[in-house]
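Below: the structure, in C-alpha coordinates.
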Amino acid sequence: MKNFNNKVAAITGAASGMGRELAVELAARGCALSLSDVNLKGLEETAALAREKGAKVTTSKLDVSNRDAVYAWAEQTAKDHGGINLIFNNAGVALNSPLETISQKDFEWIVGINFWGVVYGSQAFLPYLKASGDGHIINTSSLFGLIGTPGTGAYSATKFAVRGYTESLRIELDLMNCGVSATCVHPGGIRTAINANARIGDGVEKLMGVSAETAREKFDKLLNITTANKAARTILKAVEKNSRRVVVGPDAKTMDVVVRMLGSAYQPLVTSNMKRMMR
(Lines give C-alpha, C1' and ligand atoms only; values in the text may rest on other atoms or scores of the structure.)
Protein backbone atom coordinates (compact mmCIF):
# COMPACT_ATOMS: atom_id res chain seq x y z
CA MET A 1 0.00 0.00 0.00
CA LYS A 2 1.85 3.04 -1.32
CA ASN A 3 -0.59 5.64 0.03
CA PHE A 4 -3.89 5.99 1.87
CA ASN A 5 -5.75 8.29 -0.51
CA ASN A 6 -9.24 6.99 -1.36
CA LYS A 7 -8.77 4.00 0.94
CA VAL A 8 -11.07 2.88 3.77
CA ALA A 9 -9.64 2.15 7.22
CA ALA A 10 -11.32 0.60 10.27
CA ILE A 11 -9.78 1.38 13.67
CA THR A 12 -10.59 -0.11 17.08
CA GLY A 13 -9.79 1.83 20.24
CA ALA A 14 -10.25 5.08 18.31
CA ALA A 15 -11.54 7.23 21.19
CA SER A 16 -8.07 8.33 22.34
CA GLY A 17 -4.34 7.74 22.16
CA MET A 18 -2.84 6.05 19.13
CA GLY A 19 -6.27 5.16 17.75
CA ARG A 20 -7.29 8.81 17.64
CA GLU A 21 -3.99 9.94 16.12
CA LEU A 22 -4.15 7.20 13.49
CA ALA A 23 -7.63 8.38 12.55
CA VAL A 24 -6.62 12.04 12.22
CA GLU A 25 -3.45 11.22 10.26
CA LEU A 26 -5.33 8.94 7.88
CA ALA A 27 -8.10 11.50 7.40
CA ALA A 28 -5.50 14.10 6.44
CA ARG A 29 -4.19 11.68 3.81
CA GLY A 30 -7.57 11.20 2.12
CA CYS A 31 -8.69 8.01 3.86
CA ALA A 32 -12.32 7.28 4.84
CA LEU A 33 -12.78 5.91 8.36
CA SER A 34 -14.86 3.45 10.33
CA LEU A 35 -14.09 4.07 13.99
CA SER A 36 -15.02 2.03 17.06
CA ASP A 37 -14.56 2.13 20.82
CA VAL A 38 -16.48 1.51 24.03
CA ASN A 39 -16.06 5.20 24.91
CA LEU A 40 -18.70 6.97 22.81
CA LYS A 41 -17.82 10.48 23.98
CA GLY A 42 -14.16 10.12 23.05
CA LEU A 43 -15.12 8.35 19.84
CA GLU A 44 -17.28 11.24 18.66
CA GLU A 45 -14.50 13.69 19.51
CA THR A 46 -12.13 11.70 17.29
CA ALA A 47 -14.72 11.55 14.53
CA ALA A 48 -15.15 15.33 14.65
CA LEU A 49 -11.38 15.85 14.34
CA ALA A 50 -11.25 13.51 11.35
CA ARG A 51 -14.23 15.16 9.65
CA GLU A 52 -12.46 18.49 9.95
CA LYS A 53 -9.86 16.98 7.59
CA GLY A 54 -12.62 16.24 5.07
CA ALA A 55 -12.92 12.51 5.72
CA LYS A 56 -16.07 10.41 5.57
CA VAL A 57 -16.40 8.92 9.07
CA THR A 58 -18.74 6.36 10.61
CA THR A 59 -18.66 5.34 14.27
CA SER A 60 -19.74 2.31 16.30
CA LYS A 61 -19.73 1.50 19.99
CA LEU A 62 -17.87 -1.80 20.12
CA ASP A 63 -16.56 -4.30 22.65
CA VAL A 64 -13.83 -6.09 20.68
CA SER A 65 -14.04 -9.12 22.96
CA ASN A 66 -17.53 -9.79 21.54
CA ARG A 67 -17.00 -11.86 18.40
CA ASP A 68 -20.47 -11.39 16.96
CA ALA A 69 -20.28 -7.62 17.48
CA VAL A 70 -16.92 -7.40 15.67
CA TYR A 71 -18.23 -9.37 12.69
CA ALA A 72 -21.35 -7.20 12.57
CA TRP A 73 -19.18 -4.07 12.61
CA ALA A 74 -17.07 -5.37 9.74
CA GLU A 75 -20.17 -6.10 7.69
CA GLN A 76 -21.66 -2.67 8.44
CA THR A 77 -18.38 -0.96 7.56
CA ALA A 78 -18.36 -2.64 4.15
CA LYS A 79 -21.96 -1.54 3.55
CA ASP A 80 -21.33 2.05 4.68
CA HIS A 81 -18.10 2.55 2.73
CA GLY A 82 -18.40 0.16 -0.20
CA GLY A 83 -15.26 -1.73 0.76
CA ILE A 84 -12.41 -1.89 3.29
CA ASN A 85 -8.64 -1.67 2.81
CA LEU A 86 -7.20 -1.51 6.32
CA ILE A 87 -8.04 -2.80 9.78
CA PHE A 88 -6.11 -1.41 12.75
CA ASN A 89 -6.68 -3.78 15.67
CA ASN A 90 -5.54 -1.16 18.13
CA ALA A 91 -7.85 -1.49 21.15
CA GLY A 92 -6.14 -2.66 24.32
CA VAL A 93 -6.20 -2.60 28.10
CA ALA A 94 -3.58 -3.02 30.82
CA LEU A 95 -3.45 -5.05 34.01
CA ASN A 96 -0.84 -4.88 36.75
CA SER A 97 -0.99 -8.04 38.85
CA PRO A 98 1.44 -10.76 39.97
CA LEU A 99 0.77 -14.00 38.14
CA GLU A 100 0.57 -15.83 41.46
CA THR A 101 -2.47 -13.87 42.63
CA ILE A 102 -4.20 -12.73 39.43
CA SER A 103 -7.91 -13.47 39.40
CA GLN A 104 -9.43 -15.62 36.69
CA LYS A 105 -11.88 -12.81 35.91
CA ASP A 106 -9.10 -10.28 35.31
CA PHE A 107 -7.09 -12.74 33.21
CA GLU A 108 -10.07 -13.52 30.99
CA TRP A 109 -10.86 -9.80 30.68
CA ILE A 110 -7.44 -8.83 29.36
CA VAL A 111 -7.15 -11.86 27.05
CA GLY A 112 -10.61 -11.15 25.65
CA ILE A 113 -9.74 -7.60 24.65
CA ASN A 114 -6.01 -7.72 23.88
CA PHE A 115 -5.83 -11.06 22.11
CA TRP A 116 -9.27 -12.24 21.03
CA GLY A 117 -10.10 -8.71 19.92
CA VAL A 118 -7.16 -8.86 17.51
CA VAL A 119 -8.13 -12.32 16.27
CA TYR A 120 -11.78 -11.38 15.75
CA GLY A 121 -10.84 -8.16 13.98
CA SER A 122 -8.36 -9.89 11.68
CA GLN A 123 -10.73 -12.71 10.77
CA ALA A 124 -13.84 -10.57 10.39
CA PHE A 125 -12.20 -8.04 8.08
CA LEU A 126 -9.93 -10.33 6.04
CA PRO A 127 -12.55 -11.30 3.41
CA TYR A 128 -13.27 -7.62 2.72
CA LEU A 129 -9.57 -6.78 2.55
CA LYS A 130 -9.01 -9.61 0.05
CA ALA A 131 -11.93 -8.35 -2.02
CA SER A 132 -10.35 -4.88 -2.16
CA GLY A 133 -7.18 -6.28 -3.75
CA ASP A 134 -5.10 -3.87 -1.67
CA GLY A 135 -5.51 -4.66 2.01
CA HIS A 136 -3.50 -4.51 5.21
CA ILE A 137 -3.98 -5.79 8.77
CA ILE A 138 -2.20 -3.83 11.50
CA ASN A 139 -2.16 -5.52 14.91
CA THR A 140 -0.91 -3.77 18.02
CA SER A 141 1.38 -5.80 20.24
CA SER A 142 3.76 -3.97 22.61
CA LEU A 143 7.27 -3.63 23.93
CA PHE A 144 5.90 -6.23 26.36
CA GLY A 145 5.42 -8.53 23.40
CA LEU A 146 9.23 -8.54 23.15
CA ILE A 147 10.12 -8.83 26.84
CA GLY A 148 8.53 -10.01 30.06
CA THR A 149 8.48 -7.86 33.21
CA PRO A 150 7.22 -8.42 36.77
CA GLY A 151 3.63 -7.44 37.43
CA THR A 152 2.71 -7.42 33.74
CA GLY A 153 2.72 -11.13 33.03
CA ALA A 154 -0.89 -11.30 31.85
CA TYR A 155 -0.43 -8.25 29.65
CA SER A 156 2.78 -9.69 28.19
CA ALA A 157 1.04 -13.01 27.57
CA THR A 158 -1.55 -11.28 25.40
CA LYS A 159 1.00 -9.18 23.56
CA PHE A 160 3.33 -12.11 22.88
CA ALA A 161 0.25 -13.92 21.57
CA VAL A 162 -0.55 -11.01 19.24
CA ARG A 163 3.01 -11.12 17.97
CA GLY A 164 2.94 -14.85 17.23
CA TYR A 165 -0.50 -14.63 15.65
CA THR A 166 0.42 -11.70 13.40
CA GLU A 167 3.78 -13.08 12.30
CA SER A 168 2.14 -16.39 11.35
CA LEU A 169 -0.70 -14.54 9.63
CA ARG A 170 1.77 -12.49 7.58
CA ILE A 171 3.49 -15.65 6.33
CA GLU A 172 0.17 -17.23 5.40
CA LEU A 173 -0.86 -14.09 3.51
CA ASP A 174 2.48 -14.14 1.68
CA LEU A 175 1.82 -17.72 0.63
CA MET A 176 -1.70 -16.88 -0.56
CA ASN A 177 -0.49 -13.88 -2.59
CA CYS A 178 -3.97 -12.44 -2.12
CA GLY A 179 -3.21 -8.72 -2.09
CA VAL A 180 -3.36 -8.47 1.71
CA SER A 181 -0.44 -8.00 4.11
CA ALA A 182 0.04 -7.70 7.87
CA THR A 183 2.21 -5.69 10.24
CA CYS A 184 2.81 -6.22 13.95
CA VAL A 185 3.28 -3.04 16.00
CA HIS A 186 5.43 -2.95 19.15
CA PRO A 187 5.02 0.43 20.87
CA GLY A 188 7.13 1.34 23.86
CA GLY A 189 6.14 4.09 26.28
CA ILE A 190 3.42 6.05 24.46
CA ARG A 191 1.63 9.01 26.05
CA THR A 192 -1.86 7.52 26.25
CA ALA A 193 -4.41 6.81 28.98
CA ILE A 194 -3.82 3.05 29.06
CA ASN A 195 -1.87 3.07 32.35
CA ALA A 196 -4.30 5.49 34.02
CA ASN A 197 -7.13 3.10 33.16
CA ALA A 198 -5.23 -0.08 34.01
CA ARG A 199 -6.61 -2.54 36.51
CA ILE A 200 -4.40 -3.24 39.52
CA GLY A 201 -4.74 -6.68 41.05
CA ASP A 202 -3.99 -7.98 44.51
CA GLY A 203 -0.37 -8.58 45.39
CA VAL A 204 1.18 -5.65 43.52
CA GLU A 205 2.29 -3.94 46.72
CA LYS A 206 4.01 -7.07 48.00
CA LEU A 207 5.75 -7.74 44.70
CA MET A 208 6.89 -4.18 44.03
CA GLY A 209 7.51 -3.08 47.60
CA VAL A 210 5.45 0.10 47.07
CA SER A 211 1.77 0.99 47.07
CA ALA A 212 -0.32 0.25 44.00
CA GLU A 213 -0.74 3.94 43.21
CA THR A 214 2.99 4.59 43.58
CA ALA A 215 3.64 1.73 41.17
CA ARG A 216 1.15 3.31 38.74
CA GLU A 217 2.94 6.67 39.00
CA LYS A 218 6.32 5.06 38.33
CA PHE A 219 4.95 3.22 35.30
CA ASP A 220 3.49 6.51 34.08
CA LYS A 221 6.99 7.99 33.98
CA LEU A 222 8.24 5.02 31.99
CA LEU A 223 5.37 5.32 29.51
CA ASN A 224 5.64 9.07 28.94
CA ILE A 225 8.31 8.86 26.22
CA THR A 226 6.79 9.02 22.73
CA THR A 227 3.75 11.05 21.70
CA ALA A 228 0.76 9.20 20.29
CA ASN A 229 0.96 11.29 17.12
CA LYS A 230 4.59 10.34 16.49
CA ALA A 231 3.67 6.71 17.09
CA ALA A 232 0.82 6.95 14.58
CA ARG A 233 3.05 8.48 11.92
CA THR A 234 5.67 5.78 12.50
CA ILE A 235 3.05 3.05 12.12
CA LEU A 236 1.65 4.49 8.89
CA LYS A 237 5.15 4.77 7.44
CA ALA A 238 5.69 1.10 8.24
CA VAL A 239 2.44 0.17 6.49
CA GLU A 240 3.54 2.10 3.40
CA LYS A 241 6.81 0.15 3.46
CA ASN A 242 4.95 -3.14 4.03
CA SER A 243 7.09 -3.79 7.11
CA ARG A 244 6.53 -7.04 8.95
CA ARG A 245 7.27 -5.46 12.31
CA VAL A 246 7.52 -1.89 13.55
CA VAL A 247 9.10 -1.06 16.92
CA VAL A 248 7.94 2.36 18.12
CA GLY A 249 9.93 4.58 20.46
CA PRO A 250 13.54 4.67 21.69
CA ASP A 251 12.80 2.52 24.73
CA ALA A 252 11.23 -0.24 22.65
CA LYS A 253 14.04 -0.10 20.09
CA THR A 254 16.68 -0.35 22.82
CA MET A 255 15.03 -3.33 24.50
CA ASP A 256 14.52 -5.02 21.14
CA VAL A 257 18.28 -4.84 20.53
CA VAL A 258 19.05 -6.01 24.07
CA VAL A 259 16.80 -9.06 23.75
CA ARG A 260 18.21 -9.92 20.32
CA MET A 261 21.75 -9.77 21.74
CA LEU A 262 21.22 -11.41 25.12
CA GLY A 263 18.31 -13.77 24.62
CA SER A 264 16.85 -14.84 27.97
CA ALA A 265 19.84 -13.32 29.76
CA TYR A 266 17.97 -9.98 29.62
CA GLN A 267 15.80 -11.17 32.51
CA PRO A 268 18.31 -10.57 35.36
CA LEU A 269 18.81 -7.05 33.99
CA VAL A 270 15.08 -6.40 34.25
CA THR A 271 15.07 -7.73 37.80
CA SER A 272 17.89 -5.42 38.94
CA ASN A 273 16.44 -2.41 37.13
CA MET A 274 12.99 -2.93 38.66
CA LYS A 275 14.52 -3.15 42.15
CA ARG A 276 16.41 0.07 41.51
CA MET A 277 13.33 1.83 40.14
CA MET A 278 11.17 0.87 43.10
CA ARG A 279 13.78 2.14 45.53
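The values are calculated or read from the model by the stated rules, or taken from the named source; none is laboratory data. What you are looking at is a predicted structure, and each value in this text was computed from that prediction instead of being measured. No Cβ is skipped: glycine too gets one built from the backbone with ideal geometry, and neighbour counts run over all protein chains shown.
With the condition kept exactly as written, say whether any residue in region 88-111 is closer than 17 Å to VAL57 by Cβ, surrounded by fewer than 19 Cβ atoms within 10 Å (Cβ to Cβ), basic (Lys, Arg) and out of contact with any Gly (no Cβ under 8 Å at 6 or more places or on another chain).
Checked against the condition, which is being closer than 17 Å to VAL57 by Cβ, surrounded by fewer than 19 Cβ atoms within 10 Å (Cβ to Cβ), basic (Lys, Arg) and out of contact with any Gly (no Cβ under 8 Å at 6 or more places or on another chain), region 88-111 yields no hits at all.
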Mind telling me which of the residues ALA94, ALA78 ends up being of a type in the set (Gly, Ala, Ser) and at pLDDT 95 or above?
ALA78
The residue from THR183, THR158 that alone is modelled with pLDDT of 80 or more, under 24 Å from GLU21 (Cβ atoms) and not in a helix (DSSP H, G or I) is THR183
Can you name every residue in region 161-180 that is touching a strand residue (DSSP E or B) at 6+ places or on another chain (Cβ under 8 Å) and either β-branched (Val, Ile, Thr) or at pLDDT below 95 (or both)?
VAL162, THR166, VAL180
For ASN66, only one of the following conditions fails: (1) crowded, with 19+ Cβ neighbours inside 10 Å; (2) free of Cβ contacts under 8 Å to residues at least 60 places away in the same chain; (3) not aliphatic (A, V, I, L, M). What is its number?
(1)
Residue check: is LEU173 within 17 Å of TRP73 (Cβ to Cβ), part of a helix (DSSP H, G or I) and of a type outside the set (Val, Ile, Thr)?
no
Look through region 16-31, keep the residues that are without any contact (Cβ under 8 Å) to a residue 60 or more places away in the chain and surrounded by 24 or more Cβ atoms within 10 Å (Cβ to Cβ), and return whichever of them is farthest from ALA94 (Cα to Cα).
CYS31
Surrounded by 17 or more Cβ atoms within 10 Å (Cβ to Cβ), on the phi < 0 side of the Ramachandran plot, at pLDDT 90 or above and not in a helix (DSSP H, G or I) - does that describe any residue in region 255-265?
no
Over region 108-137, the set of residues more than 18 Å from the chain's Cα centre (by Cα) and aromatic (Phe, Trp, Tyr) is TYR128
At pLDDT 85 or above, surrounded by 13 or more Cβ atoms within 10 Å (Cβ to Cβ) and under 19 Å from ALA91 (Cβ atoms): which single residue out of ILE235, ILE194 fits that description?
ILE235
If you go through region 36-54 one residue at a time, do you hit one that is within 25 Å of SER142 (Cβ to Cβ), touching a residue at least 60 places away in the same chain (Cβ under 8 Å), in contact with a Leu (Cβ under 7 Å, 6 or more places away or on another chain) and not hydroxyl-bearing (Ser, Thr, Tyr)?
no
Does ALA69 satisfy the condition of being more than 14 Å from GLY121 (Cβ to Cβ) and either of a type in the set (A, V, I, L, M) or under 20 Å from the mean Cα position of the chain (by Cα) (or both)?
no
